[in-house]
Amino acid sequence: MRIEADLKLGFKDVLIRPKRSTLHSRAQVSLERTFRLRHTGQTWTGIPLMAANMDTVGTFAMATELARHQLVTAVHKHYALEEWTAFVAAARDAGVESLPQVAISTGILDNDLDKLDQILERCPELLLICLDVANGYSEQFVACVSRVRARHPDKIIIAGNVVTGEMVEELLLAGADIIKVGIGPGSVCTTRVKTGVGYPQLSAIIECADAAHGLSGQIISDGGCTCAGDVAKAFGAGADFVMLGGMLAGHDEGGGTVIEREGRYFCEFYGMSSQTAMQKYSGGVADYRASEGKTVVVPYRGPVAETVRDILGGLRSACTYVGAACLKELTKRTTFVRVTEQENPVFTERDRHASP
Ligand code: 5GP
């Protein structure tokens, strides 16, 4: 047994220190980024925020709407081949030639990878593959990344999740372009409680970004953002992309059932390893495993466009506070201060709803 004594930090442990700036307005801030991918050499351009591949967030409806704002959607893995072809056919009819804002999520079992091959054969305009496992530390996962790279040399491969630099390097060398970082920070994740395993997300981003950038790779910070300020901190810490689940839950595009309780409306939201999800897709929780996700209800929030505007507005504002004219400059211009307080708690969410 060993103990690492340096303190690891989460979003709640820091704030971004303001800096003098020549920017006059948030409208001057560009959130668009262009990345050159490590393995394909091609470039990707867009706003590097991503909807998580959860079945009430990463839907086709979400992908269609977020693409209008240049945001990415990691579409969940439970759609059938026919549903994928119908989605892509609709995009073709609308004159779309490639879909850089849509990632196909997949597990790593043989039948998952066969389905991936079939989707890509029928829908070559899809560019992004998201190889997603809860624990990216297995040899089998590394082998799978190499196998998918060999089969799809021209696609952008996202692989995860991991939280340490050495595994980021291993997955990049095995064939991934972008590494997804986060174990345990998610809003409906119970991994830390069930297993005791995890890593504070801000430190994970700082360490993994350093490892990835050294090999010309990118990282996605996945999980743990509760507000636009956390998204700004994730980018400030060095994330190239930020993935959101809970912050994009409860919207029309997620397709979840809307529930009425005492005149207020809610949507069900659950982890992809929760009992709810396992019941839906695998007929229950297998004997040998525990569920590692929660099922919750979140306030129903209508169309996602308003939420997107809110998040992008917060991010632009963060950039102006530190004098970053574009998102790319945010990391360079970020100094975090260690804090023991965040927002003023005197009025709660309930008080806000109670006001006339
Ligand atoms: P959020 O933005 O809601 O904080 O985090 C979203 C992320 O939580 C997802 O992208 C995924 O990595 C993770 N996640 C989703 N469902 C589960 C689950 O059931 N268990 C665990 N451990 N993580 C989950």
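The values are calculated or read from the model by the stated rules, or taken from the named source; none is laboratory data. Keep in mind it's a predicted model, so treat the numbers as computed, not measured. All Cβ positions, even for glycine, are placed from backbone atoms using ideal geometry, and neighbour counts span all protein chains on display. Ligands, DNA and RNA are excluded from the accessible area calculation, which covers all protein heavy atoms including side chains. Shrake-Rupley method; radii C 1.70, N 1.55, O 1.52, S 1.80 Å.
Here is a list: 6, 55, 13. Which entry is under 21 Å from residue 227 (Cβ atoms) and of a type outside the set (A, V, I, L, M, F, W, C)?
Residue meeting the stated conditions: 13.
Take residue 330 and tell me if it is under 29 Å from residue 59 (Cα atoms) and under 20 Å from the mean Cα position of the chain (by Cα).
no
Can you confirm whether residue 188 is at pLDDT 95 or above and either more than 20 Å from residue 38 (Cβ to Cβ) or within 11 Å of the ligand (Cβ to nearest atom) (or both)?
yes
I need the full set of residues from segment 31-81 which are open to solvent by 40 Å² or more (accessible area, probe 1.4 Å) and either at positive phi or touching a His at 6+ places or on another chain (Cβ under 7 Å) (or both), in order please.
Of everything in segment 31-81, just one residue is open to solvent by 40 Å² or more (accessible area, probe 1.4 Å) and either at positive phi or touching a His at 6+ places or on another chain (Cβ under 7 Å) (or both), namely 70.
Restricting attention to segment 285-305, which residues are loosely packed, with under 11 Cβ neighbours inside 10 Å and more than 15 Å from the ligand (Cβ to nearest atom)?
Hits for segment 285-305 are 287, 288.
Against the condition of a type in the set (A, V, I, L, M, F, W, C), within 12 Å of the ligand (Cβ to nearest atom) and open to solvent by 50 Å² or more (accessible area, probe 1.4 Å), how does residue 272 come out, does it pass?
Answer is yes for this residue.
Out of curiosity, is residue 255 modelled with pLDDT under 95 and surrounded by fewer than 18 Cβ atoms within 10 Å (Cβ to Cβ)?
It is true that residue 255 is modelled with pLDDT under 95 and surrounded by fewer than 18 Cβ atoms within 10 Å (Cβ to Cβ).
What are the residues in segment 244-269 that are among the small types (Gly, Ala, Ser) and within 16 Å of the ligand (Cβ to nearest atom), if any?
Once the filter is applied, which keeps residues that are among the small types (Gly, Ala, Ser) and within 16 Å of the ligand (Cβ to nearest atom), segment 244-269 yields 245, 246, 249, 250, 254, 256.
So which residues in segment 135-157 are closer than 27 Å to residue 124 by Cβ, open to solvent by 10 Å² or more (accessible area, probe 1.4 Å) and not in a helix (DSSP H, G or I), if there are any at all?
Listed by number, the residues that qualify are 152, 153, 154, 155.
How many residues are out of contact with any Lys or Arg (no Cβ under 9 Å at 6 or more places or on another chain) and in contact (Cβ under 8 Å) with a residue 24 or more places away in the chain when one looks only at segment 132-142?
Here the count works out to 7.
Return only the number of the condition from (1) without any contact (Cβ under 8 Å) to a residue 40 or more places away in the chain; (2) on the phi > 0 side of the Ramachandran plot; (3) within 19 Å of the chain's Cα centre (by Cα) that residue 263 does not satisfy.
Among (1) without any contact (Cβ under 8 Å) to a residue 40 or more places away in the chain; (2) on the phi > 0 side of the Ramachandran plot; (3) within 19 Å of the chain's Cα centre (by Cα), the lone unmet condition for residue 263 is (3).
Can you list residue pairs whose Cβ atoms sit under 7 Å apart, with the first residue in segment 281-305 being over 11 Å from residue 270 (Cβ atoms) and the second being open to solvent by 60 Å² or more (accessible area, probe 1.4 Å) and assigned to a strand (DSSP E or B)? Count only pairs 6 or more apart in sequence or on different chains.
300/258; 300/265
Could you check residue 184 against (1) farther than 30 Å from residue 320 by Cα; (2) touching a strand residue (DSSP E or B) at 6+ places or on another chain (Cβ under 9 Å); (3) open to solvent by less than 40 Å² (accessible area, probe 1.4 Å) and say which number it fails?
Evaluating residue 184 over (1) farther than 30 Å from residue 320 by Cα; (2) touching a strand residue (DSSP E or B) at 6+ places or on another chain (Cβ under 9 Å); (3) open to solvent by less than 40 Å² (accessible area, probe 1.4 Å) leaves (2) as the failure.
When segment 163-187 is examined, which residues are found to be touching a residue at least 40 places away in the same chain (Cβ under 8 Å) and either under 13 Å from the mean Cα position of the chain (by Cα) or within 23 Å of residue 227 (Cα to Cα) (or both)?
163, 178, 179, 180, 181, 182, 183, 185, 186, 187
Has segment 211-230 got any residue that is more than 10 Å from the ligand (Cβ to nearest atom), surrounded by 24 or more Cβ atoms within 10 Å (Cβ to Cβ) and small (Gly, Ala, Ser)?
Yes: one or more hits.
Could you list, in sequence order, all residues of segment 162-175 that are buried (at least 24 other Cβ atoms within 10 Å of the Cβ) and either within 16 Å of the ligand (Cβ to nearest atom) or on the phi > 0 side of the Ramachandran plot (or both)?
162, 163, 168, 171, listed by residue number.
If residue 15 meets every condition in (1) open to solvent by 20 Å² or more (accessible area, probe 1.4 Å); (2) modelled with pLDDT of 95 or more; (3) farther than 27 Å from residue 188 by Cα apart from one, which number is that one?
Residue 15 satisfies all of (1) open to solvent by 20 Å² or more (accessible area, probe 1.4 Å); (2) modelled with pLDDT of 95 or more; (3) farther than 27 Å from residue 188 by Cα except (3).
Could you check, for segment 344-354, whether at least one of its residues is in a strand (DSSP E or B) and open to solvent by less than 80 Å² (accessible area, probe 1.4 Å)?
Within segment 344-354 (the criterion being in a strand (DSSP E or B) and open to solvent by less than 80 Å² (accessible area, probe 1.4 Å)), the answer is no, since none of the residues qualifies.
Can you report the number of residues in segment 264-322 which are within 22 Å of residue 191 (Cβ to Cβ) and part of a strand (DSSP E or B)?
Residues flagged as within 22 Å of residue 191 (Cβ to Cβ) and part of a strand (DSSP E or B) within segment 264-322 amount to 9.
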